[in-house]
1. Taking region 26-42, which residues are surrounded by fewer than 10 Cβ atoms within 10 Å (Cβ to Cβ) and acidic (Asp, Glu)?
2. Quick one: count up the residues across the chain that are outside any helix (DSSP H, G or I) and modelled with pLDDT of 90 or more.
3. What are the residue pairs meeting all of these: first residue in region 20-41, first residue aromatic (Phe, Trp, Tyr), second residue not in a loop (DSSP other than H, G, I, E, B), Cβ atoms under 6 Å, and 6 or more apart or on different chains?
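The values are calculated or read from the model by the stated rules, or taken from the named source; none is laboratory data. Here the structure is a predicted model, which is why all the values come from computation and not from measurement. FYI the Cβ positions are ideal-geometry reconstructions off the backbone, even for glycines, and counts take in every protein chain you see.
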Amino acid sequence: MIELKVADETYILADNKMSRVEEGREQFRHGKTISNESLKAEIDQWLN
């Protein structure tokens, strides 16, 4: 679960950024996520 804190502002994104947001939402809807533990392990591999 992700805690999200959003300001009371509207963000204006360029088209390419908006398409990346939509891509991420689509992945989330389809359950294409990674656990925090898996992500940390992957980052540790990159750094070592």
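1. Glu37 - this is the single residue of region 26-42 that is surrounded by fewer than 10 Cβ atoms within 10 Å (Cβ to Cβ) and acidic (Asp, Glu).
2. Count: 6.
3. Once the first residue is aromatic (Phe, Trp, Tyr) and sits in region 20-41, no partner that is not in a loop (DSSP other than H, G, I, E, B) comes close enough.
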